[in-house]
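Quick notes on the structure that follows.
No value in this document is a laboratory result; all are computed from the given coordinates. Note that the coordinates shown come from a computational prediction; the quantities given were computed from them, not determined experimentally. Note that each Cβ is placed from the backbone with ideal geometry, even for glycine, and that neighbours are counted across all protein chains shown.
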Amino acid sequence: MRYFPAFKNLLLAVALSSGFVVSAELPATVNINAADADTIAAVLTGVGKVRAQSIIKWRESHGPFTSAEQLAEVSGVGAIVLEKNKDKIVLE
């Protein structure tokens with residue numbers, strides 16, 4: 001029984017590395033008119049927490065986005081970010 005703790009650790013390592021642990025999947029799209037900063041940052045490529053918070057501040061100041069291209073009006077969001085995420089952005 002001396003080897004049981006080592007075997008238990010090995011078994012745990014194998015289970016964790018094989019995907020045994022279930023993780024939550026990210027949504028494929030994000031509603032930029034309703035999502036919180038964590039969701040926006042998690043789904044959109046090149047958008048971190050600070051930029052996601054800027055998106056929400058813009059939305060709160062100007063009202064709902066009427067097009068994905070309007071995101072370019074948010075500081076730090078440009079054409080490259082829009083191009084990378086055009087298929088992930090929804091408005092409703």
**Study point:** Subset of the range 32-81 (residues that are under 16 Å from GLU92 (Cβ atoms) and aromatic (Phe, Trp, Tyr))
**Key:** PHE65
Check your understanding: Which of the residues that make up the range 31-65 are under 13 Å from VAL81 (Cβ atoms), out of contact with any strand residue (DSSP E or B) (no Cβ under 8 Å at 6 or more places or on another chain) and not in a helix (DSSP H, G or I)?
Key -> THR45, GLY46, VAL47, GLY48
Review point. Looking at (1) surrounded by 12 or more Cβ atoms within 10 Å (Cβ to Cβ); (2) in a loop (DSSP other than H, G, I, E, B), which is the one condition that is false for ASP87?
Key: (1)
**Study point:** Cβ pairs under 6 Å, 6+ apart, first in the range 29-53 and farther than 16 Å from GLU69 by Cα, second of a type in the set (S, T, N, Q)
**Key:** ALA37/GLN53
